[in-house]
């Protein structure tokens, strides 16, 4: 039996109304257990690596190139070639380009994506890699829940509906990763209109200790209304140093800092790792 087949026996997939649940094996009690969320340094793009204390991995986006493989290899055995869940927020090249290399290097049990159409070479290459992977495919919809092991819950907040012909940024999958009392809100490239919709729909449930700023800190995202709803302690920008887009935008930086939110950027410090014990969260 292959490694990935064995993993699937433990994971399993149950479809309920609006819910996707991944079953997990138990882990020994009493040992230190922390969740790690790394915002990987992949240049101008997004790639977020979630590692649970009971050994599950989720990769959200893969940046534009194979640079993601360098970051994923750090701290892991060369022979560890499996990832439980890959989630592609939307089919723009700076989010899925590197996932082609990830799917070629790793055996992936489950791929979460939308049906949004992007007529680009990067999107075509990604679609081909997904087909070749023969993983379980889940089309994301608001209300679904992914249980990563015994400890970590991933709630899909958006999109809602058929995203086939939506603008790709508006189709972004937005997730809230929860571990104990600590939450991470990961927004893809969601624009201001989506943020306003989410605040109206979820209100206080949006509160999260760590927020990944939408669209790399572009002025098309991160309104004051959204920041006031999320109330993060940390705001993360995933972008390249001195990039042609100028991310993050000065107005966004001002809105973040005037609320005394700590702003951190992969452009300045490289890969950013947060660790949480479920009670507090800190930057490693």
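Read-outs: derived from the displayed coordinates by stated rules, not from any lab. Computed from a prediction, not measured in an experiment: that's the story for all the values here. Cβ sites come from the backbone with ideal geometry, for glycine too, and all protein chains shown count toward neighbours.
Among 39, 226, rank each residue by its count of other Cβ atoms within 10 Å, from fewest to most, as a rough exposure measure.
Least crowded to most crowded, the residues run 226, 39.
Counting 0.36 nm for each residue step from residue 73 to residue 193 and taking away their Cα separation leaves a gain of 39.5 nm.
Over the C-alpha trace of the range 69-144, radius of gyration and Dmax come out as 12.6, 36 angstrom.
Report, as a whole number in µm² per second, the diffusion coefficient that Stokes-Einstein gives for the chain at 4 °C and 1.567 mPa s using the Kirkwood radius over alpha carbon pairs. D = 69 µm²/s.
Taking other Cβ atoms within 10 Å as a rough exposure proxy, 213, 69, 185 sort from fewest to most as 69, 185, 213. Between residue 153 and residue 132, the FRET efficiency from the beta-carbon distance, with R0 = 51 Å, is close to 0.95. So for the range 36-283, averaging the separation of alpha carbon pairs under 8 Å that are six or more residues apart and normalising by length, what relative contact order in percent results? Relative contact order comes out at 18 percent.
Tally the DSSP beta bridges in the chain and give the antiparallel ones as a percent, rounded to 5.
60 percent
Distances between every pair of Cα atoms in the range 159-232, grouped in 5 Å steps from 0 to the bin holding the largest one, split as 3, 17, 29, 27, 15, 7, 2, 0 percent.
Run lengths n ≥ 4 of DSSP H only: what is the helix-derived mean residue ellipticity at 222 nm for the chain, with -39500 (n - 2.57) per run over all residues, to the nearest 500?
My calculation for the chain gives -7500 deg cm²/dmol from helical runs alone.
When each of 74, 219 is scored by the number of other beta-carbon atoms lying within 10 Å, the sequence from fewest to most is 74, 219.
Spin-label pair residue 268-residue 66: with each label point 7 Å from Cα along the Cα-Cβ axis, the two points sit 3.2 nm from one another.
Please work out, to two decimal places, the log10 of the ratio I(q)/I(0) at q = 0.14, 0.15, 0.23 Å⁻¹ from a Debye calculation in which every Cα of the range 188-284 carries one identical scatterer. These q points yield log10 I(q)/I(0) values of -0.50, -0.57, -1.26.
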